[in-house]
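The structure under discussion appears below in the form of structure tokens.
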Amino acid sequence: MDFDDTPEETAWRGRVRRFLEENTDDVVRGRDRHTDAAGAAPRQRWQATLYDAGYVGITWPVEYGGRGGTPMQQVIVNQELSRAGSAPLVNGIGLGMCGPTIIAHGTEEQKQRYLRPMLRGDDIWCQLFSEPAAGSDLAGLQTRAIRDGDGWLIRGQKVWTSAAQYSRLGLLIARTDPSLPKHAGLTMFLIDMEQPGVTVRPLRQMTGDAHFNEVFFDDARVPAENLIGEVDGGWRVAITTLMNERLAIGGGGADMGVSVETLTRFAAKRLGALPADEQALVREKLGRAHVLAMAQRYTGYRRLTALSQGRMPGPEASVGKLSLVTLGQLTAEIGMSLLGDDAAFGADAGGDDRWQYSMAMWPGLAIAGGTNEILRNIVGERVLGLPGEPRPDKGVPAAAPTGVRA
Ligand SMILES: Cc1cc2nc3c(=O)[nH]c(=O)nc-3n(C[C@H](O)[C@H](O)[C@H](O)COP(=O)(O)OP(=O)(O)OC[C@H]3O[C@@H](n4cnc5c(N)ncnc54)[C@H](O)[C@@H]3O)c2cc1C
């Protein structure tokens, strides 16, 4: 792969950069700390500004509000947004997961109706997959969709649902037939989050933010036209969402303010203040972080090569997410070591708390979108060809006791 921009890419990058420089006052910076619709509003306006200028949904089809551009153009936009210090786009879950799922499995009417407002950030979406007893073992989920005339009634509970407190719509997977084996009786729907029968309760994380929620469904309604894919065919649809989720998380984009470059500049200032033996330890870890960052970058290029040749990246999406998280955790750890005793203060002392925040945030990302252990299983089985895990519940009806959590 040639790592330099082509003349067309150079021109595109120049255009994006100029736009961001001319609109620098509108760039929403900082972290995603809001917990309600009012807090999300400035990021919603920023996404609309970017969309109206043609910088959101670069690879999405033109007929659904996208730009019909190339994956490289999208990567360049991501890089320039990061360079400009932009916060993540408010509808990241819509753009990264729900949209690609609707493009792959939705009806023409769903695509016409939902994709453009999703791109512009007018409708914010959430992903209603995980439950109290179904995360890694997602197919063990128990939320029911019960036939009611043409449509369905939804009964059950989801948890860890990011952005649900200000989402208008959600992508929901529920069990339609408990007599079938657990992967077979599931169906995917899109659901109106603002209707009676949907209760959203924010959950506070150790960062101090309430980024995710528990969501209760008490006979919430889903009309027939909100079915995505086939009845009892939801697992195939979910695989599309999960693959895109790993790509979205592992693919980078927004500036989290804690890159290895930032860390190195910070180390240049702070390292000398540490005791000599600690300096040696930090230097060694810093070296390791640089190696990981290069591995992350080149694995990313491999993913890009697949995308630019029109192929869907395979298990390298899992490797990308795994290495991003490993690097993020190491970077945060080094930042904290460099802070020394000051690590105990940060924002409370009026200082910059990015390393403390990052230290508290990365463990969550090691879980979201597939835990490190699950991703290692995928790499072991699908990349290295090691024997698969035992699956005692294979082929057993979801409702039957299996001896494993279901
Ligand atoms: C910040 C954050 C945001 C999230 N946002 C969303 C969201 O928007 N929508 C949504 O649906 N979900 C969301 N989730 C939930 C996330 O997808 C689940 O937490 C994740 O899939 C793990 O499921 P679990 O929490 O039930 O843990 P479990 O699956 O119970 O796992 C517990 C532990 O056991 C390990 N383990 C489990 N199975 C195996 C195995 N087969 N082999 C080896 N180890 C194993 C896991 O790695 C983990 O360490 C979010 C989570 C976080 C942390």
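The values are calculated or read from the model by the stated rules, or taken from the named source; none is laboratory data. Everything numeric here is computed off the predicted structure, so don't read it as measured data. For neighbour counting, all protein chains shown are included, and Cβ atoms are generated from backbone atoms with ideal geometry for every residue, glycine included. When the accessible area is computed, the model is the full protein with side chains, heavy atoms only, and any ligands, DNA or RNA have been set aside. Shrake-Rupley method; radii C 1.70, N 1.55, O 1.52, S 1.80 Å.
Considering only residues that are among the aromatic types (Phe, Trp, Tyr) and at pLDDT below 90, look in region 348-366 and name the one that is surrounded by the fewest Cβ atoms within 10 Å (Cβ to Cβ). For region 348-366, the residue satisfying everything is TYR357. Condition check for GLY94 on (1) modelled with pLDDT under 95; (2) within 16 Å of the ligand (Cβ to nearest atom): one failure, at (1). The condition of being outside the structural domain of THR59 (by TED's automatic domain parsing), of a type outside the set (Asp, Glu) and within 13 Å of the ligand (Cβ to nearest atom) holds for ALA139.
Check whether at least one residue in region 58-81 is open to solvent by less than 40 Å² (accessible area, probe 1.4 Å), under 22 Å from the mean Cα position of the chain (by Cα), closer than 28 Å to SER358 by Cα and among the acidic types (Asp, Glu), and report yes or no. Yes, that holds for at least one residue. Just for region 367-383: of the residues that are open to solvent by 60 Å² or more (accessible area, probe 1.4 Å) and at pLDDT 90 or above, which one is farthest from the ligand (Cβ to nearest atom)? Here the residue is ARG376. Within region 206-220, does at least one residue satisfy the condition of being in contact with a Gly (Cβ under 6 Å, 6 or more places away or on another chain), open to solvent by 10 Å² or more (accessible area, probe 1.4 Å) and either of a type in the set (S, T, N, Q) or closer than 28 Å to LYS111 by Cβ (or both)? No; the residues of region 206-220 include none that is in contact with a Gly (Cβ under 6 Å, 6 or more places away or on another chain), open to solvent by 10 Å² or more (accessible area, probe 1.4 Å) and either of a type in the set (S, T, N, Q) or closer than 28 Å to LYS111 by Cβ (or both). Inside region 105-133, residues that are outside any loop (DSSP other than H, G, I, E, B) and either of a type in the set (Lys, Arg) or in contact (Cβ under 8 Å) with a residue 60 or more places away in the chain (or both) make up a count of 12. Elements of the type strands (runs of 3 or more DSSP E) sitting completely within region 145-211 and holding at least 1 residues that are more than 13 Å from the ligand (Cβ to nearest atom), outside the structural domain of GLY96 (by TED's automatic domain parsing) and under 30 Å from GLY395 (Cβ atoms): these cover 151-159, 169-175, 186-192. Scanning region 212-247 for residues that are of a type in the set (Asp, Glu) and within 15 Å of the ligand (Cβ to nearest atom) yields GLU214, GLU245.
From LEU247, LEU190, grab the single residue that is open to solvent by less than 40 Å² (accessible area, probe 1.4 Å) and at pLDDT below 90.
Step by step, each of LEU247, LEU190 is checked, and only LEU247 is open to solvent by less than 40 Å² (accessible area, probe 1.4 Å) and at pLDDT below 90.
Quick one: would you say GLY30 is open to solvent by 10 Å² or more (accessible area, probe 1.4 Å), out of contact with any Leu (no Cβ under 6 Å at 6 or more places or on another chain), in a helix (DSSP H, G or I) and modelled with pLDDT under 95? It is false that GLY30 is open to solvent by 10 Å² or more (accessible area, probe 1.4 Å), out of contact with any Leu (no Cβ under 6 Å at 6 or more places or on another chain), in a helix (DSSP H, G or I) and modelled with pLDDT under 95.
With respect to being of a type in the set (A, V, I, L, M), touching a residue at least 60 places away in the same chain (Cβ under 8 Å) and open to solvent by 20 Å² or more (accessible area, probe 1.4 Å), LEU180 fits the description.
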